[in-house]
Structures are given as structure tokens and as C-alpha cells.
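The values are calculated or read from the model by the stated rules, or taken from the named source; none is laboratory data. These figures come from a predicted structure and were not determined experimentally. Ideal geometry is used to build each Cβ from the backbone, glycine not excepted, and the neighbour counts take in all protein chains shown. Note: accessible area is taken over every heavy atom of the protein model, side chains too, but ligands, DNA and RNA are not part of it. Shrake-Rupley method; radii C 1.70, N 1.55, O 1.52, S 1.80 Å.
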Amino acid sequence: MDTFQALVARQDEDRISTAVETLTTADLPPGEVTIRVLYSSVNFKDALALTPGGGVVRKYPVIPGIDLTGEVVDSQSPEFAVGDMVLAHGYQIGTGHHGGYAEYARLPADQVVPMGALSPHDGAAIGTAGFTAAMSVQALIDWGIAPDAGSVVVTGASGGVGTVSVDLLADAGYRVVASTGKPQAAELLKMLGASEIIGRLPTDPKAKPRPLATARWAAAVDCVGGATLADVLSAVDYGGAVAASGLTGGPALHTTVMPFILRGIALLGMESVQMAIGPRRNLWARLGDSLRPRHLADITTEVDVKNVVEVVDQVRAGAFTGRAVVRVAGGF
């Protein structure tokens with residue numbers, strides 16, 4: 001491993017370019033655990049990392065890929081031994097610290113998660129998006145939203161967070177309404193367990209938002225943000241909650257306090273980047289057991305890392321359905 005292949009993103013004024021480059025181990029950042037990367041995935045944040053003005057990369061050049069799975073090849077930590085199968089995501093991986101689109105990665109031990117019962121492929125198929133979905137579903141359960149409370153709407157349901165959320169919620173017994181702008185995804189979403197498929201919210205994007213609408217949802221997993229989140233908030237029933245993680249619809253939120261003070265609903269922000277390693281490892285252990293998504297194979301497309309930019313472009317445009325697993329070992 002004196003030299004290895006990596007997909008490197010570089011910035012030239014207002015343009016970001018990517019190319020496969022040969023690096024040396026001296027190019028890897030400091031850390032106690034060196035990993036031979038087997039798989040990564042594509043998340044919306046990866047698209048932002050390759051977008052001028054995306055706002056997530058501190059300094060170029062950088063190796064993108066905000067999550068990775070692989071095998072430990074060198075360890076200076078008593079927590080990990082050579083041969084251990086591990087995964088990592090969050091923190092500054094792929095944005096301020098070289099990430100998963102390379103044959104090798106080096107990370108601090110307190111950012112590494114034992115693979116447990118998951119395979120490297122399934123760990124990448126879940127990835128950051130699936131982890132965020134699990135956080136969202138668990139947050140609604142912890143808030144006290146029971147399966148018999150009513151419908152739970154998932155916005156951006158055909159995306160990475162959305163598909164896994166639909167799968168997990170349906171498996172837990174909830175009646176899931178999947179909101180998507182892709183009619184062609186309806187069959188997949190029904191197979192994942194959605195009871196009803198609706199179009200994008202709000203149904204009339206030109207209509208003036210109402211402070212309170214007729215209550216339609218017991219709770220929601222919002223993967224879009226913007227006007228969609230505002231519409232969902234106005235229609236959540238008394239005591240409900242919305243687990244929000246998306247901003248593909250924009251970061252602005254034009255709403256009022258009415259849903260919060262008249263219906264007592266909660267807006268629960270889902271943030272996985274800085275989650276402490278203890279809770280992170282615990283949730284991953286559950287993702288390999290009681291929270292394992294049932295239909296990973298049905299929502300997963302595999303792509304070689306040398307071709308990943310094509311998929312990143314689709315994710316940026318909102319044209320990709322499900323999860324993209326990036327084959328790194330043998331993918332250059």
C-alpha cells in the first residue's frame with residue numbers, strides 16, 4: 001500500500017474537477033486506524049462536496065465519500081486489530097478529511113465503528129442516508145408516536161433517506177404515506193411497505209402557505225426541507241412530531257409558531273455528523289439486528305468508484321432513486 005488510487009476533487013476558481021490520481025501513504029491524514037476501503041456510497045452531501053459553493057468542503061483538494069466500509073490493515077489503537085471489518089461516516093470524512101472514494105483511508109479510532117453483523121456491502125448500502133433514516137424513525141418512536149396514532153408521511157420518499165425510512169416505518173407497523181415527485185417510484189415504494197403514494201408537498205407550490213391546515217399526519221420524516229417541511233408542519237396532528245434532515249428543497253423555512261403552540265407538535269432535527277461515537281456505534285449495532293432494513297437489495301444500485309460522478313450528478317438533480325453503493329476495491 002505504498003501507493004494507491006483515489007478519486008480526488010480539486011477546485012479551480014469556480015469549477016470543481018475530479019480525477020483518479022495515484023497517491024502515497026504520506027498523503028493520508030493522521031489517525032490511528034488505516035482501512036482498506038471496500039465500499040462507499042453516494043449521499044446528497046457528496047453531491048454538495050462536488051458543487052461549487054456547496055458549502056460542505058473546508059479546503060480542496062479532498063477525497064470525497066462521506067462514508068466507507070472496509071478492513072483494518074494497520075491499527076495503533078487497542079480497540080481495533082488488523083483484519084477487523086469496520087465502517088465510518090460523519091465528522092469531517094469526505095469534506096475536511098479524506099474520505100471513502102480511495103483504496104485506503106486513515107481515521108482517528110474514535111470515528112470508527114465495528115461492522116458487527118453487517119457485511120461491508122450492506123453497511124455501505126445503509127450508509128449515512130440509512131443511518132439518518134434510522135435516527136429519524138427512532139426519534140419518532142422515542143417521542144411516543146405509536147403505530148395506531150395515524151399516518152406517517154415521508155417526504156422525498158424515493159431518495160436514500162426516504163426509501164430506508166419507508167422500509168423501517170412499515171416494518172415497525174406504521175401506516176406510511178410516501179410523498180414523491182417520481183411517479184415511476186410508486187411500485188418500489190409500495191413494495192417497501194407504503195400504504196399510499198402521493199405527489200410532492202405542497203400540492204400547489206404557488207399557493208400561499210397556511211399557518212394551520214387540516215391535520216393529516218400523526219408524524220413525518222421530512223427529507224426535503226423548505227416549502228415541503230412548512231407544509232408538513234401545518235398538517236401534523238396534535239402532539240405529533242416531524243423528524244427533519246433534508247434541505248434539497250432549500251434551507252429557508254417559512255412557517256409560523258401556530259403548529260407548535262396550538263397543536264403542541266415537535267420539530268426534531270436529525271444530525272448525524274457530530275454524533276458521539278458511543279451512540280453512533282449503538283445505533284449501528286441495531287441496524288445490523290432489530291433495525292436492519294428489509295429491502296436493501298431492492299433499493300441499491302452498485303457503481304464503480306471511477307464512474308461515481310455520473311451518479312453524484314443524478315443525486316444532485318434529484319433524479320436518483322434509492323441508494324448507490326460505490327465499489328472501491330476493484331472499482332478503479
ask   = So what's region 158-206 giving for Cα Rg divided by 2.2 N^0.38 Å, two decimals?
value = 1.10
Accessible-area order (highest first, 1.4 angstrom probe) of the listed residues Arg15, Arg286 = Arg15, Arg286
inquiry  = Largest first, please: the extent of the C-alpha atoms of region 162-242 along each principal axis, to the nearest Å.
reply    = 34, 29, 18
query = When the accessible area of region 130-269 is computed with all protein chains present and a 1.4 Å probe, what percentage of it is carbon and sulfur?
reply = 56
query = Just from its helices, what would the mean residue ellipticity at 222 nm be for the chain, if runs of 4 or more DSSP H residues each count -39500 (n - 2.57) and the sum is divided by every residue, rounded to the nearest 500 deg cm²/dmol?
reply = -7500 deg cm²/dmol
ask   = When Rg is the radius of gyration of the Cα atoms in the chain and Rh is its Kirkwood radius, what does Rg/Rh come to?
value = 0.98
note = SASA check, Phe332, accessible area w/ 1.4 Å probe, all protein chains in place, rounded to nearest 10 Å², comes out at 60
ask   = Classify region 92-141: rounded, prolate or oblate, from the alpha-carbon gyration tensor (a ≥ b ≥ c, eigenvalue square roots; a/c under 1.5 rounded; otherwise prolate if a/b is larger than b/c)?
value = prolate
inquiry  = Let me check I've understood the local charge: for Gly31, count other residues with C-beta under 11 angstrom from its C-beta, Lys and Arg +1, Asp and Glu -1. What total comes out?
reply    = -2
Gap separating the Cα centres of region 231-301 and region 118-190, nearest whole Å = 10
Surface accessible to a 1.4 Å probe, Thr3 within the full protein complex, Å² = 90
task = Arrange the residues Tyr238, Tyr174 by how much accessible surface each exposes, largest first, with a 1.4 angstrom probe.
result = Tyr238, Tyr174
message = Over the chain, with a Gaussian network built from C-alpha contacts below 10 Å, which listed residue (Gly173, Gly90, Gly225) shows the highest mean-square fluctuation?
response = Gly173
request  = Evaluate the relative contact order of region 45-161 (contact order divided by residue number), counting alpha-carbon pairs under 8 angstrom at least 6 apart; express in whole percent.
outcome  = 23
query = Protein chains only, probe 1.4 Å: how do Lys190, Lys206 rank by accessible area, largest first?
reply = Lys206, Lys190
ask   = What's the center-to-center distance, using Cα atoms, between region 101-117 and region 1-52 in Å?
value = 14
ask   = Which whole number of Å³ per residue matches the convex hull of the alpha-carbon atoms in region 130-269?
value = 92
In nm, spacing of pseudo-spin labels at Arg10 and Met191 (7 Å Cα→C-beta vector) = 4.2
query = So how exposed is Val56, as accessible area in Å² (1.4 Å probe, rounded to 10)?
reply = 30
